[in-house]
Each structure stands twice: as C-alpha cells, then as structure tokens.
Protein chains: 2
Amino acid sequence: MYFMFKKRDNIKEVEEGKYLAPKFDENGLIPVITADFQDGSILMHGYMNEEALKKTIETKEAHYWSRSRKKLWRKGQVSGFVQRVKEIRIDDDQDSIWLLVDIGNGASCHVGYRSCFYRSIPLGKIKNDENIEMEFKEKNKKFDPKIIYKDENNPTKL
Amino acid sequence: MYFMFKKRDNIKEVEEGKYLAPKFDENGLIPVITADFQDGSILMHGYMNEEALKKTIETKEAHYWSRSRKKLWRKGQVSGFVQRVKEIRIDDDQDSIWLLVDIGNGASCHVGYRSCFYRSIPLGKIKNDENIEMEFKEKNKKFDPKIIYKDENNPTKL
C-alpha cells in the first residue's frame, strides 16, 4: 500500500475535500473509464490497482491491472498503442477514474477497432423470442490483431 | 434471468458478432459509463443488473442497480434528474456499457455538481510525504442536495 493516498476518514472529506483518497474494491481495484481527449469518445473500460494508478500519475502513460493476465499492464507494451494521459478525474466518492488520453491516430481495442465500444444496442421494446441485434458503429478495423499480437492469448473470457 | 440475451458460446461470436450477450459479474452486475450525449463528458460511473439493462433499453430512461441501497434505481426518481437515453454501446467482450444520455441543464451527481467527476488529479512525480491535492473543475453546484434529497441517506460509503 502507498501512503501517498489520504485515509478515507469521513464522507464529507471524501466528497467535498481536495485530497486524493481513492477507494479500491475487495480485489484492490478501481474501475477506469478511458476517453479520447480530442472528442470525448470512450475508448475502453479497465481497472487499476494502486501501483497502476501511481504509475499512470507519475509517467503520464496509462497503466492498468489486467484481470485476465493478472498483472500490471502498461497499455501498448505489446501493440505499441500507448495512451498519453492528458487529464485524470475522480468521482464524488472516489471509487472510479476518468482518464483522458491521446492515442493519436492509433487504436485502443485488442479486436482491432479504435474504440472497444464499436457496437450499438437498439432501443425500444424487446421481443421475447429473438436475440437483440446490434449495429456496428465502426466499419473498419485500425489494425489486424493477428499481425500485432501474434501468439499472445486473447484476454477475453466467456 | 432474461432469455433475451444470447448465450456466451464462443469468444469470436462475443467479440465480432452482432448479438447482445452481456457478461454480468459474480454479483450479477455490469459496469456502466454514463456520458452527456452533447459534449461526451462523463457524468457518472454506475452498475446495472439484467433488469436495469432491460428497463433502460425498453423505457429509454437510465436505470441502475444501486449497490449502496441494494435495489433497482431509476435515475432521477428522487431528484427529478432523469437521464433520457440517446444511445447504448457495449464493448468488445461485452462486459461494460457506455450510455449516452440527455440531462438537459440538469445534474447527475448527488453532491450537487453536474458531473460526478468534478475533481482533477495533478500529473507528475508524487511526493512521498504529502497528500495529493486535486483541482475542482466545476466551480458551482447545480443544486443543493439538502433541499433535493431532504432525509435520504447519502449513498457514499467509506
């Protein structure tokens, strides 16, 4: 544990105070929303442990905790698609992070798209006997995962 | 459990397919990023269970699972600050949601600010013997929580 974070003494201080006092969950993680600083679009949703948050603040490059690989993960260490951090925000109860990053013309999603959120769910009444068909909002991949990742395992779990 | 969601049979289908097959975690929840559809700024980070996701899709009003109150939560039911859903996206492995909502000139944060992410964490080397001092990015609250919430308990937990 790092002693740089303020102890969460009282709710008023956590919500209205100026000191960073993040809450890590029972697995030692805090959820992270990563957005493109240029247009605000969401690139990915990840998690940090204390070390990843510290490294992200200090190096200005996004670091996460990979839950599938169970290790600290400097984003881009395999793909080259590093995320340069422009701003870090934290929410009212300090249990989630909003990261604004610069990825230039690169990509963020291991499937090959710029954003992980490339599919849109239709709104309105759900029919009981049919699967819900989504729309692809990104038409083309930015890279071929087979070329970039070679023999790396796919981090997606069923 | 609703049978409207496709079974998560294989990774290729989950990532590259067109059918909604969300993954709920061991608590039956999926994390949700809620953004202002007008400027993309993040308003809050929440969670949905299956029922909340279904209600959000069908009613086009954001519903969440309140972890602190342990119940389905139609956003705005107390405060009046309803979130009208403009678009719902899901990520590559279908374990997180990006909600684009219209809150007009309203607010989203129970502390009184428009966004829950009203504080910014400074970047760069962390001093070992000092707390990290954040900057307030929203200067004024949109409402007074004491007036809006009256005797409701504060959902923030230490």
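Observations on the structure shown:
- Accessible carbon and sulfur surface of the range B:54-141 relative to its total accessible area, %, 1.4 Å: 43 percent
- 20 Å-binned pair-distance histogram of the protein assembly as shown (Cα, whole percent): 33, 59, 8, 0
- Note on the range B:15-87: lysine pairs with Cα distance below 26 Å, sequence gap of 8 or more or different chains, count 25.
- Counting Cβ atoms of other protein chains within 10 Å of each residue's Cβ and taking the mean over peptide B:37-47 gives 4.
- Averaging 1/r over each pair of different alpha-carbon atoms in the range A:98-140 and inverting the result gives 12.8 Å, the Kirkwood hydrodynamic radius.
- Net charge of Cβ neighbours under 12 Å - reference A:S120; Lys, Arg +1; Asp, Glu -1: 0
- Percent of C-alpha pairs per 5 Å bin, chain B, short to long: 2, 8, 15, 19, 17, 14, 11, 7, 5, 2, 0
- Cα-based shape type of the range B:13-72, given that a ≥ b ≥ c are square roots of the gyration tensor eigenvalues and the cut on a/c is 1.5: oblate
- For the pair A:S120 and A:D25, label points projected 7 Å from Cα toward Cβ lie 2.9 nm apart.
- Gyration tensor analysis over the Cα atoms of the range A:64-140 returns equivalent ellipsoid semi-axes of 29, 19, 14 Å (largest first, whole Å).
- Among the trypsin sites (Lys or Arg not before Pro) in the range A:2-81, those placed in a DSSP loop whose Cβ has at most 10 other Cβ atoms within 10 Å are A:K70.
- With a 1.4 angstrom probe, the accessible area lost at the B-A interface totals about 6900 Å².
- Charge-dipole axis of the range A:36-158 as Lys and Arg at +1 and Asp and Glu at -1 on Cβ define it, positive-most pick from A:V101, A:F136, A:G112: A:G112
- Computed from Cα atoms, the angle from the helix B:50-59 axis to the main principal axis of chain B rounds to 90 degrees.
- Axis-nearest residue in chain A [Cβ, rotation onto B], distance in whole Å: A:G40, 1
- Theoretical ellipticity at 222 nm over chain B - DSSP helices of four or more residues, -39500 (n - 2.57) apiece, nearest 500: -3500 deg cm²/dmol
The values are calculated or read from the model by the stated rules, or taken from the named source; none is laboratory data. This is a predicted model, so every value here is computed, not measured. Cβ atoms come from the backbone with ideal geometry, glycine included; neighbour counts cover every protein chain shown. The accessibility values were calculated without ligands, DNA or RNA, using every heavy atom of the protein model including side chains. Shrake-Rupley method; radii C 1.70, N 1.55, O 1.52, S 1.80 Å.
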